[in-house]
Amino acid sequence: AEFERTFIAIKPDGVQRGLISEIMSRFERKGFKLVAVKLVVPSKDFAQKHYHDLKERPFFNGLCDFLSSGPVLAMVWEGEGVIKYGRKLIGATDPQKSEPGTIRGDLAVVVGRNIIHGSDGPETAKDEINLWFKPEELVSYQSNSEKWVYG
Ligand code: DAT
Ligand code: MG
């Protein structure tokens, strides 16, 4: 089956803190399917493109400096409801408000170092996947567990 896709990125703080496998495993164990992944250091210009919606905010410059400060693990995950549920797994933007059990709730403390990004809707998911990945980097394959995850 073809399901929706979302863009998820582990930011430089999450990579440096050794949280890649911890975070990936939460999406993987849930039953979502990884269709693209790469480790990249985005340029500041690229970070500004990624966060263009926030360019009027006072924290925009610092945010873009931070995103471009080191390796980011860029991913695309696929599954039924993955855009909305991915945001649920991630938790509230401010880790002080994220529920325990969420990625930010369990693993982060402040909003400026909240370790992970996830697309907030179908349009941004499409735009962000196109920004970060070439079409040929997205791998279509049948997951062996699909019939057990979806019935
Ligand atoms: P999210 O990452 O949950 O989608 P967002 O799109 O509103 O949140 O903001 C993008 C990032 O910008 C967020 O992950 C961390 C940073 N940010 C948001 N609000 C902030 C604030 N008030 N002060 C500092 N950084 C902030
Ligand atoms: Mg956002």
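With a 1.4 Å probe and all protein chains kept in place, how much accessible area does Leu39 have, in Å² rounded to the nearest 10?
100 Å²
Can you tell me which of Ser119, Ser68, Ser140 moves the most in a GNM of the chain? Springs connect C-alpha atoms under 10 Å apart.
Ser140
For the chain, what relative contact order do you get, as a whole percent, if you take Cα pairs closer than 8 Å and at least 6 residues apart? Intermediate results must be reported in sequence, preceding the final value.
On the way: 236 pairs, mean separation 51.0, N = 151.
Contact order relative to length: 34 percent.
Compute a Gaussian network model of the chain, connecting alpha carbons closer than 10 Å, and tell me which residue from Val40, Val72, Val82 fluctuates the most.
Taking springs between Cα atoms under 10 Å, the residue moving most is Val40.
For the pair Ser140 and Leu39, how long in nm is the line joining their label points, each one 7 Å along Cα→Cβ?
3.0 nm
Please list the equivalent ellipsoid semi-axes of the stretch 40-121, computed as the square roots of five times the alpha-carbon gyration tensor eigenvalues, in descending order and whole angstrom.
Working: eigenvalues 91, 51, 30 Å².
After diagonalising the Cα gyration tensor, the semi-axes are 21, 16, 12 Å.
As a check on your grasp of the helix formula, calculate [θ] at 222 nm for the chain: sum -39500 (n - 2.57) over DSSP H runs of n ≥ 4, divide by the residue count, round to the nearest 500. Could you put the intermediate results ahead of the total?
Details: 8 runs with 61 residues, N = 151.
Only helices count here, giving -10500 deg cm²/dmol.
Give the share of C-alpha pairs in each 10 angstrom bin for the stretch 99-151, from 0 to the last occupied bin, in whole percents, shortest bins first.
Percent of Cα pairs in each bin: 18, 25, 42, 14, 0.
Using just the C-alpha positions of the chain as equal point scatterers, what log10 of I(q)/I(0) does the Debye formula give at each q in 0.09, 0.10, 0.15 1/Å?
-0.26, -0.33, -0.75
Over what distance in Å are the Cα centres of the stretch 29-65 and the stretch 66-88 separated?
Between the Cα centres of the stretch 29-65 and the stretch 66-88 lies a distance of 9 Å.
Here are some pairs, Lys44/Lys134; Lys126/Lys147; Lys97/Lys147; Lys49/Lys147; Lys55/Lys134; Lys97/Lys134; which of them have Cα atoms lying more than 28 Å apart in this structure?
Working: Lys44/Lys134 19 Å; Lys126/Lys147 26 Å; Lys97/Lys147 36 Å; Lys49/Lys147 38 Å; Lys55/Lys134 25 Å; Lys97/Lys134 35 Å.
With Cα atoms farther than 28 Å apart: Lys97/Lys147; Lys49/Lys147; Lys97/Lys134.
The values are calculated or read from the model by the stated rules, or taken from the named source; none is laboratory data. Being a predicted model, the structure only gives us computed values, none of them experimental. Cβ sites come from the backbone with ideal geometry, for glycine too, and all protein chains shown count toward neighbours. For the accessible areas, the whole protein counts, side chains as well, though only heavy atoms, and no ligand, DNA or RNA atoms are used. Shrake-Rupley method; radii C 1.70, N 1.55, O 1.52, S 1.80 Å.
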